[in-house]
Every structure is written in structure tokens, then in C-alpha cells.
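Have a look at the structure below before the remarks.
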Amino acid sequence: MRSSPPQPRRSDKARRTVSVVATGSYVPERVVTNKDLEKIVDTSDEWIQSRTGIRERRIAAADEATSDMATKAALRAMEQADIKAEEIDLIMVATVTPDMLFPATACLVQRNLGAVRAACFDVSAACSGFLYAMEIAQQFISTHVFNTILIIGADKLSSIADWSDRNTCVLFGDGAGAAILRNRASSHGVITTHMGSDGEFADILMMPGGGSRTPIKAENVGQKLNTIKMQGKETYKQAVKAMSHAADRALEAAGLKYDDIACVIPHQANIRIIEAISHRMKVPMEKFFVNLEKYGNTSAAAVAIALDEAHRAGRFRIGDYVLLVVFGGGLTWASSVIQW
């Protein structure tokens with residue numbers, strides 16, 4: 001009689017709750033105002049503000065890469081939590097502007113921090129990447145694979161912006177935001193996350209060149225294929241739809257109502273999008289944390305920077321419920337409900 005095959009050993013430990021124990025952020029020193037953009041493209045401060053809510057954005061220095069900004073945001077989160085580099089088990093960097101196609105930008109951040117014990121990889125989900133990374137971190141910690149995880153949203157969109165396209169270049173900026181996740185006793189932490197994608201809308205927001213499908217060559221370099229291309233009206237429509245749906249799903253899964261939420265932190269892309277989802281959700285704008293007037297759309301960094309600034313500004317307290325909701329190219333979207 002043939003013996004039974006050996007059974008893999010599984011952890012008998014109960015799943016753990018996962019909390020955000022610290023946040024940090026970094027934005028470059030250089031400020032580019034709408035007035036500055038009036039000098040290089042056919043636009044105006046009034047036009048930009050009325051359509052987007054953006055007044056200015058931060059632009060990284062020529063020698064300042066995504067990994068540099070990510071490292072500075074990470075250090076601020078580590079300082080807040082009093083966590084040393086050697087305590088970090090995993091580093092994830094959510095970005096669409098990695099320092100290079102490989103190695104992962106997370107590996108470069110690891111080197112900068114001296115986090116010698118950490119596994120490292122990048123997450124590519126455009127503006128949704130930070131919340132994708134948060135959910136990945138929750139799975140690793142709750143199942144006892146890792147104890148301390150550093151997640152970072154960082155992007156240098158100025159490096160892929162078409163500065164002759166007035167419809168897109170006014171929207172974007174550079175920056176990084178970070179969070180450290182751990183199990184924290186007597187706390188619910190990250191309660192639920194909803195993620196989704198619809199590749200049918202992949203072409204409404206993209207950078208078509210620079211990958212294996214369309215490498216940048218001498219014969220196409222003048223076409224600016226390695227810059228952001230966006231169908232503005234369709235992106236707006238799908239963003240409102242996706243973010244409203246994601247927020248509803250997360251609240252439903254958490255067993256909460258919008259009245260239970262102390263603060264909503266949305267993707268910082270356009271004030272009209274935020275106002276539209278505020279109307280759909282029937283949540284007053286006073287509950288939304290908005291900083292896009294200072295930074296514009298910083299992609300994966302946007303919700304991470306906003307989370308850090310809202311945290312440091314005291315917009316929520318221990319025990320409060322916070323809703324984060326984002327959308328990005330892909331089309332991707334995500335939402336998370338956190339008990340702080």
C-alpha cells in the first residue's frame with residue numbers, strides 16, 4: 001500500500017491585526033506655480049485652478065531620483081516610530097517612475113537605509129499603488145510571514161511629463177510618502193481593502209513608450225512616447241465611477257456607514273473629482289483631506305503624502321475610522337478602511 005504524501009506544514013497561529021504605526025513624507029524644495037507654467041505653455045493660473053484646484057507643484061532636482069525621495073520619506077516614518085533599519089522585514093515601493101527598469105527601486109531604498117534584512121520589490125499600479133502595497137503588507141503580517149513592513153509611494157512624474165502639453169503638464173508633481181505597518185495589540189488597524197482593475201480602459205492614461213512593446217529608438221524619439229498621455233474627459237468619468245464604487249465596497253465590507261468615518265483621504269488628482277465623489281457619497285467636503293493645491297497629482301505618492309500630513313495635522317485620533325480611496329492608470333482602483 002502506497003504511503004500518503006507528506007503534508008506541508010502550515011502555521012497554526014491565529015491571524016494578526018495590522019496597523020499603520022507611523023507615516024512620513026517628502027516633497028522636493030523647488031516650487032513651480034501656475035504663473036511659472038504660463039511662461040512655457042498656453043495656459044493661465046485661473047484656467048488651471050478652476051479646472052483642477054491646483055495652485056503649485058513640487059519638482060525634483062535633475063539629480064534627485066525616485067529612490068532618493070522614497071528614502072527621505074521612509075526615514076521620517078522610521079523616526080516617528082523609533083524603528084531601526086535592521087528591524088524592517090520587507091520594503092515595497094509603489095511607483096511608475098522607477099530609477100531604472102531593474103533592479104527594483106525598493107532595492108535602492110534598502111541600500112540607502114541599510115535595511116539589510118529586508119526583502120524588496122516594487123508595485124506597479126499607478127496612482128493606486130500605495131493602497132495595493134498596503135493590502136500586500138497586511139497579508140504578509142497577518143499570516144506571520146513578516147513583522148515590520150515599510151511601504152512607500154514615490155514618483156517623479158516631472159521626468160515623464162510632456163512640458164509642451166498644456167492639458168497634462170499642469171497636473172503633475174513629484175514626491176514620496178511612506179508608512180510602516182505592524183501588528184499592534186488591541187487595535188483593529190486595517191479593517192478592509194477593496195481593489196479592482198479594468199484593462200479595457202488601459203489606454204486612457206498611460207505612457208506608451210519605453211517598454212518592450214514600443215522601445216524608444218532614434219526613429220521615434222521625437223514622438224515623446226515616453227511621456228504621459230491622457231484622455232482627460234474619459235479619465236475623469238472613470239475616476240469618479242471607480243472611486244465611488246471602491247468606497248462603497250470598502251464601507252460595506254467593514255460594516256460601517258459614511259457617518260462613521262472621521263476623515264476621507266482621496267487620491268489627489270483633481271478637485272472636481274473629489275467634489276464629485278463627495279456628492280455621490282453624500283459626505284461633506286469638510287471630512288475630506290485635500291492638499292492637491294500644493295502638490296498636484298503625485299501618482300502613488302499622493303495618498304501617502306496626504307495620509308502623513310493628515311496624521312501630523314491631527315485630522316483623526318486613536319480609534320477613529322479613516323477611509324482612503326484611489327484610482328490610477330490601468331484602470332486600477334482601491335480603497336481601505338483603517339481604524340487608527
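Things to note:
- Single residue of segment 69-103 satisfying the filter (without any contact (Cβ under 8 Å) to a residue 24 or more places away in the chain and charged (D, E, K, R)) that is farthest from Val145 (Cα to Cα): Asp82
- Residues in segment 140-150 that are without any contact (Cβ under 8 Å) to a residue 60 or more places away in the chain and either under 22 Å from Ser25 (Cβ atoms) or among the β-branched types (Val, Ile, Thr) (or both): Val145 alone.
- Residue in segment 277-297 that is in contact with a helix residue (DSSP H, G or I) (Cβ under 6 Å, 6 or more places away or on another chain), small (Gly, Ala, Ser) and touching a residue at least 60 places away in the same chain (Cβ under 8 Å) present: no
- The condition of being among the hydroxyl-bearing types (Ser, Thr, Tyr), in contact with a helix residue (DSSP H, G or I) (Cβ under 8 Å, 6 or more places away or on another chain) and part of a loop (DSSP other than H, G, I, E, B) holds for Thr43.
- Scanning segment 294-340 for residues that are of a type in the set (S, T, N, Q) and either in a loop (DSSP other than H, G, I, E, B) or over 15 Å from the mean Cα position of the chain (by Cα) (or both) yields Thr298, Ser299, Gln339.
Per-residue answers, yes or no, for (1) among the polar types (S, T, N, Q); (2) on the phi > 0 side of the Ramachandran plot; (3) not in a helix (DSSP H, G or I):
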site: Ile136; (1), (2), (3): no, no, no
site: Val145; (1), (2), (3): no, no, yes
site: Asp165; (1), (2), (3): no, no, yes
site: Ala176; (1), (2), (3): no, no, yes
site: Thr192; (1), (2), (3): yes, no, yes
site: Gly210; (1), (2), (3): no, yes, yes
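- Only residues that are buried (at least 19 other Cβ atoms within 10 Å of the Cβ) and outside any loop (DSSP other than H, G, I, E, B) were counted in segment 46-63, giving 6.
- Residue match in segment 253-265 (condition: within 30 Å of Asn34 (Cα to Cα) and of a type in the set (Ser, Thr, Tyr)): no
- Filter result for Ala176 (buried (at least 23 other Cβ atoms within 10 Å of the Cβ) and assigned by TED's automatic domain parsing to the domain that holds Ala85): yes
- Looking across Thr71, Thr66, Thr95, one residue alone is out of contact with any Asp or Glu (no Cβ under 7 Å at 6 or more places or on another chain) and crowded, with 18+ Cβ neighbours inside 10 Å. It is Thr71.
- Selection of segment 211-257 for residues being among the hydroxyl-bearing types (Ser, Thr, Tyr) and surrounded by 14 or more Cβ atoms within 10 Å (Cβ to Cβ) yields Thr214, Thr227, Thr235, Tyr236, Ser244.
The values are calculated or read from the model by the stated rules, or taken from the named source; none is laboratory data. Being a predicted model, the structure only gives us computed values, none of them experimental. Quick reminder, even Gly has a Cβ in these numbers, built from the backbone with ideal geometry, and neighbours come from all protein chains shown.
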